[in-house]
Amino acid sequence: MDSQTLASPGEDTTALALKILVAGGFGVGKTTLVGAVSEIRPLRTEEQLSSVGSTVDDTDGVDRKTTTTVAMDFGRITIRAGLSLYLFGTPGQDRFWFLWDELSQGALGAVVLADTRRLCDCFPAVDYFEHRRIPFVVAVNCFPGARTFAAEDVSCALDLDQGTPVVLCDARERDSGKEVLVRLVEYAGRVHTARFLDSVTPPQ
């Protein structure tokens, strides 16, 4: 589903719907974030973790996790009148990454969720969006009991491009998740505008 303009029957105004990806490592809170902010009942494609998957799914640090996303999560949130976001949560395990190319088609940008206890797990998502020039923000999910790091420290540890936002959040809280999405829309808007202006500006 690409970003698109939707008009409701009988309404004079058009509503802009933007596609956003929510990515990150296994067990980082993607399903939780989508569920917390979605104003509709979220679509989930979760399956129970099994002993067969234990050989490939690293549950160190997320021992209490019992399910995993095998295709995607989907939700929707209205940021303000006339602007809605369609949220697509990506699966975190390596064996499901073939779905990412399909899910990323037409996306305005992405949220990369990070867990400072397993920070290396979000490197593949960061690399994926950087190489495809998809604007993203890193949202550090502050788990209870985990050590807190400043946004600048996380940015340095991930070797992010200058200007890539890092936001501290609680994926369980709607207002916190909404703030992350607002930051992403603002940042992605600036990036896409700058790219468009570069493309139409004649060389000096």
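Please treat every number below as a calculation from the coordinates, not as lab data. The structure presented is a predicted model; accordingly, all values stated were derived computationally and were not measured. Please note: Cβ atoms are built from the backbone with ideal geometry, for glycine as well, and neighbour counts cover all protein chains shown.
Fully extending the segment from E130 to R76 would add 16.9 nm, taking 0.36 nm per residue of separation and subtracting the current Cα-Cα distance.
Here the calculated FRET efficiency for A157 and A15, from their Cβ-Cβ distance with R0 = 45 Å, stands at 0.70, rounded to the nearest 0.05. Here the calculated FRET efficiency for E102 and Q204, from their Cβ-Cβ distance with R0 = 41 Å, stands at 0.55, rounded to the nearest 0.05. Rounded to 0.05, the FRET efficiency of the H192 and R41 pair, given R0 = 22 Å and the Cβ-Cβ distance, is 0.10.
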